[in-house]
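Scroll down for the structure; my scribbles are underneath it.
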Amino acid sequence: MDELDSYSRTVVAVAETVGPAVAALVVGDPERPLGSGSAVVVSDPSDPSGPDGPGGTGVVLVTNAHVVARARSGRATFADGTRADVRVLGADPLSDLAVLSIHPDAVTPTPVALGDAADLRVGQLVVAVGNPLGLAGSVTAGVVSALGRSLPTRDGSASRVVEDVIQTDAALNPGNSGGALADASGAVVGINTAVAGVGLGLAVPITTTTRDILGALRREGRVRRGYLGVVGSPAPLPVDVAARLGRATGLRVADVVAGSPAAQAGLRPGDLVVSADREPVTDAQGLQRRLFAGSIGRTLPVTVLRGRAMVDVLAVPSELTR
């Protein structure tokens, strides 16, 4: 009974902390909405890239890109019935994240802190807060079922994989998208994004990468990414190379787009990428992490295993266009 009481107290505390900051969101004309879901009021003053940091815009709402779609405005309704008009600052379908500003005259609840999904462990308690099926302020609890899942996304001709997606058995239903996934301390560690099946939900993790994405959306309304033109998948390294590098896998190049920066640099199908920008690469996500705005037009050293030889290739990513 004591364990049950402790569990209940934790869930109640998280619900009381996070619940007021989660809004029911409709986008487009509130009378004839283009879409709906949930959104979370966030602020992280301790992070220089946070909304209260340099270049920030104050308190903002975070939701999913697929919730806002192509809408530019909407209305947020909080658990206490307070309403606020919102404007879409930017949406990034390739990470399924969007940032909205709140009308400056609106009274908003205390924002919740962003946590770090890198600290999560399988089996850890998490609490989902959102507005499933139009039922405002709904709270479900569960555990982290798995980490490191991948979520394919697409925007026009461009595609990406959202890395390190959180899988949870906390019940998620339509309308939960854009809501908060919080840890036991009440910090938001993920933004609920998809119902993958019965008893299975996914959330975009809050990581260094997603914080950078949120910052770019606030400041510029979009996320600039570098483009190499490589298609690949994880592949095992030879035993001696794995022992020398201290890791078991690299990224096998399956295809190189003709005329792309990768082709111009001399990357070839069959190459096994082991590092990019002097950082280890073990899968496609490891390469994607090196391809944000700072990589565009800059020489990016890529080390590949070609046959039995290590080869250094110098590529210059162009800007990804959709």
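The values are calculated or read from the model by the stated rules, or taken from the named source; none is laboratory data. Note that the structure is predicted; figures quoted are calculated from it, not measured. Positions of Cβ are generated from backbone atoms using ideal geometry, with glycine treated the same way; all protein chains shown enter the neighbour counts. Accessible surface is based on the protein model in full, side chains and every heavy atom, while ligands, DNA and RNA are left aside. Shrake-Rupley method; radii C 1.70, N 1.55, O 1.52, S 1.80 Å.
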- Task: Go through (1) in a loop (DSSP other than H, G, I, E, B); (2) under 22 Å from residue 33 (Cβ atoms); (3) touching a residue at least 60 places away in the same chain (Cβ under 8 Å) and name the single condition residue 91 misses.
- Result: (1)
- Message: Looking only at the range 284-322, how many residues end up being open to solvent by less than 20 Å² (accessible area, probe 1.4 Å), assigned to a loop (DSSP other than H, G, I, E, B) and within 17 Å of residue 92 (Cβ to Cβ)?
- Response: 1
- Just one listed residue, out of 52, 47, is modelled with pLDDT under 60, among the acidic types (Asp, Glu) and either more than 21 Å from the chain's Cα centre (by Cα) or closer than 20 Å to residue 185 by Cα (or both), and it is 47
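For (1) of a type in the set (Gly, Ala, Ser); (2) surrounded by fewer than 24 Cβ atoms within 10 Å (Cβ to Cβ), each residue gets a yes or a no:
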{"site": "87", "(1), (2)": "no, yes"}
{"site": "90", "(1), (2)": "yes, yes"}
{"site": "93", "(1), (2)": "no, yes"}
{"site": "99", "(1), (2)": "no, no"}
{"site": "105", "(1), (2)": "no, yes"}
{"site": "109", "(1), (2)": "no, yes"}
{"site": "121", "(1), (2)": "no, yes"}
{"site": "126", "(1), (2)": "no, no"}
{"site": "131", "(1), (2)": "no, no"}
- A careful count of residues in the range 196-255 that are assigned to a helix (DSSP H, G or I) and surrounded by fewer than 20 Cβ atoms within 10 Å (Cβ to Cβ) gives 13
- Query: Do you know which residues across the range 63-88 are basic (Lys, Arg) and not in a loop (DSSP other than H, G, I, E, B)?
  - Reply: 75, 83, 87
- Query: Is it true that some residue in the range 71-93 is over 16 Å from the mean Cα position of the chain (by Cα), under 23 Å from residue 185 (Cβ atoms) and of a type in the set (S, T, N, Q)?
  - Reply: no
